[in-house]
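Taken together, the values in this text are just the output of simple stated rules run on the coordinates, not laboratory data. Every value quoted in this text rests on a predicted model; they were computed, and no experiment measured them. In this analysis, Cβ positions are derived from the backbone assuming ideal geometry, glycine residues included, and neighbour counts consider all displayed protein chains.
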Amino acid sequence: MSEPLVSVNDLTKHFPVTRGLVFQRKVGAVRAVDGISLHIQRGETLGLVGESGCGKTTAGRTILGLYPATSGSVLIDGQDACTAKGPEMLAIRRKAQMIFQDPYASLNPRWTVNAIVSEPLRVHGLIARERERAEKVKELLSLVGLSSRLVNRFPHEFSGGQRQRIGIARALASDPLFIVCDEPISALDVSIQAQVVNLLEDLQDRLGLTYLFIAHDLSMVRHICDRVAVMYLGVVVELAERDELYENHLHPYTRALLSAVPIPDPKKDRARQRIILSGDVPSPINPPTGCRFHPRCPIAGEECKVAEPEWREIKPGHWVACHKA
């Protein structure tokens with residue numbers, strides 16, 4: 001197998017919890033990402049799934065260097081995003097971009113579409129002349145299915161789906177190799193979601209892009225992703241090829257997530273067993289000892305409460321962290 005484009009090695013991101021108004025002292029830490037390792041091949045789409053609050057978005061932002069990592073390393077095309085500064089970080093930012101979840105909050109309401117999409121071209125010094133940048137913006141808008149006549153409009157004049165297309169055009173402006181898609185369709189109408197996903201797939205084929213696709217819609221993840229990583233309370237608990245994960249999942253948390261995915265066939269939907277997890281997600285400030293899922297796991301044993309499960313490869317390409325697998 002060739003060298004991966006993105007290598008995430010034992011990445012952690014802890015947010016300090018402080019007390020006091022003037023002399024603040026650290027009393028704990030939110031362990032949002034607590035030691036994950038992922039490798040993404042060129043041209044691949046890796047899905048990162050899990051329930052809200054498990055650390056998916058924090059992981060994506062830390063991988064890109066938007067949040068400084070507490071420890072670990074992230075190699076993007078051979079450059080470490082965790083230690084890079086100044087010109088090195090600028091070079092990484094050109095190669096790695098992000099499509100944000102909320103198309104209403106991720107665009108500057110005071111800027112026109114031309115200013116928003118041309119900003120990466122100016123920051124990275126890709127096109128010096130303003131007239132040439134304007135022409136490039138029109139090309140990018142056409143690439144994402146928007147009319148070039150919209151360049152002087154403001155974000156509030158667009159629908160949610162159109163705003164997300166503007167965000168995609170902005171991400172493509174620096175000609176990146178890798179894009180983190182942070183739930184890019186969750187804020188959109190169902191009728192628009194398929195259009196945006198099809199656009200992302202088409203752009204990947206045409207431009208040779210590599211995606212980290214963060215989502216909680218498991219049916220959409222199966223459609224677009226090559227491999228899927230399942231995250232729970234700051235750690236990855238299972239990783240496998242898309243069809244392997246959906247058909248031969250091993251971790252009880254993965255099984256519970258998949259049992260909630262709607263099935264179009266009413267007979268099959270009634271026949272399958274639904275798994276309802278008891279309790280709430282534990283606090284990332286003080287996660288459980290042993291396996292983090294054991295307080296909610298229907299098959300947990302005594303060893304699950306005291307020993308952290310080993311991250312092991314059960315079969316080629318299928319990794320899991322579970323004592324019972």
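Worth a mention:
- Fluctuation leader among G125, G145, G47 - the chain, Gaussian network, Cα springs under 10 angstrom: G125
- For the chain, a Gaussian network of Cα nodes joined below 10 Å ranks G279, G290, G78 by mean-square fluctuation, and the top entry is G279.
- Inter-part distance where segment 162-184 and segment 136-151 are each reduced to a Cα centre, Å: 13 Å
- Helical mean residue ellipticity (222 nm; -39500 (n - 2.57) per DSSP H run of 4+; nearest 500) of the chain: -9500 deg cm²/dmol
- Rounded if a/c under 1.5, otherwise prolate or oblate - segment 46-112, Cα gyration tensor axes: oblate
- If R0 is 35 Å, the Cβ-Cβ spacing of R272 and R110 corresponds to a FRET efficiency of close to 0.10.
- Centroid-to-centroid separation of segment 230-304 and segment 1-75 [C-alpha atoms, Å]: 21 Å
- Percent RCO, i.e. relative contact order, over the chain, from Cα pairs under 8 Å lying at least 6 residues apart: 19 percent
- Sorting 291-303, 16-28 by their mean Cβ neighbour count within 10 Å, with the most densely packed peptide first, gives 291-303, 16-28.
- Taking the fewest neighbouring Cβ atoms within 10 Å as the starting point, the ordered list for L199, L239 is L199, L239.
- Neighbour-count ranking [beta-carbon atoms within 10 angstrom, fewest first] of K85, K95: K85, K95
- This ranking places D175, D80, D182 by how few other beta-carbon atoms lie within 10 Å of each, fewest first, which gives D175, D80, D182.
- A cut-off under 14 angstrom between Cβ atoms defines the neighbours of V228, and their net charge, with Lys, Arg +1 and Asp, Glu -1, is -3.
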